[in-house]
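What follows is one structure encoded as structure tokens, with my remarks underneath.
No value in this document is a laboratory result; all are computed from the given coordinates. In this text the structure is predicted, and so the values were computed from the model without any measurement.
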Amino acid sequence: MFISRELRKKSIAEYLLYMWQTEDLIRAYGCQLSRIRREYISRFSDYTDEQKEELTDWFGDLIRMINQEGKRESGHLQINEVIVSDLNDFHHQLLQSSKFPFYNSEYYRVLPYIVELRNHGSSKDDNEIATCLSALYGVMLLRLQKKEISQDTNVAIKEITTFIGMLSDYYIKDKTEGLEFE
């Protein structure tokens, strides 16, 4: 939870990827708070009892949401989906503005990869930003499993990372300072 707070301030994309990983972690523990407390939180030896309790409460809230939203098997929490939707709306604002030519340029550099991802299995219902985030998350999982990633995929992920990083930076800047679009 403490990581999520910092990530949300620093990088909304990293925050989302962390939250998706947390959703999967909760599922891996069978959505059981007692197991998460015993087998996961207990390993945080540098945390105080109060911090562990706060973390336990946070996981408890997430488990409750997962259960209420019917996401025990798969899918993302509504709170995370709203952020993806906000990011997508913000992405369109940036594209429509003439004040962000580097963002536009990066988007058109990444667009062929987005199209390819959609043609090869990514949900066609996902918006472009969700498609990019899903690709980043998928590669992150492959790396955690120490699976080989093709050269073509590495090239695509490098471009997508740059694009999503730029979007995330603009998003945080807009939330903290405000951006002028025209």
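Return the calculated 222 nm mean residue ellipticity for the chain, to the nearest 500 deg cm²/dmol, obtained by summing -39500 (n - 2.57) across DSSP H runs with n ≥ 4 and dividing by the residue count. Mind showing how you got there, number by number?
Values: 7 runs with 127 residues, N = 182.
Estimated from H runs of four or more residues: -23500 deg cm²/dmol.
If the cut-off is 22 Å between C-alpha atoms, which lysines fall inside it for residue 10, apart from same-chain ones fewer than 8 positions away?
158, 173, 175
What's the extension gain from residue 54 to residue 93 if we count 0.36 nm per residue and subtract their Cα-Cα distance? Please list the in-between numbers first.
Values: separation 39, 0.36 × 39 = 14.04 nm, distance 3.70 nm.
Full extension from residue 54 to residue 93 adds 10.3 nm.
Can you tell me which aspartates and glutamates have their Cα less than 12 Å from the Cα of residue 99? Leave out same-chain residues fewer than eight positions away.
Partners found: 180, 182.
Using only Cα atoms and rounding to the nearest 10 degrees, what angle (0 to 90) does helix 151-176 make with the longest principal axis of the chain?
Orientation of helix 151-176: about 80 degrees from the principal axis.
Over the chain, what is the relative contact order in whole percent, taking alpha-carbon pairs under 8 Å and six or more residues apart? The partial results should precede the final answer.
Details: 122 pairs, mean separation 48.2, N = 182.
Here the relative contact order equals 26 percent.
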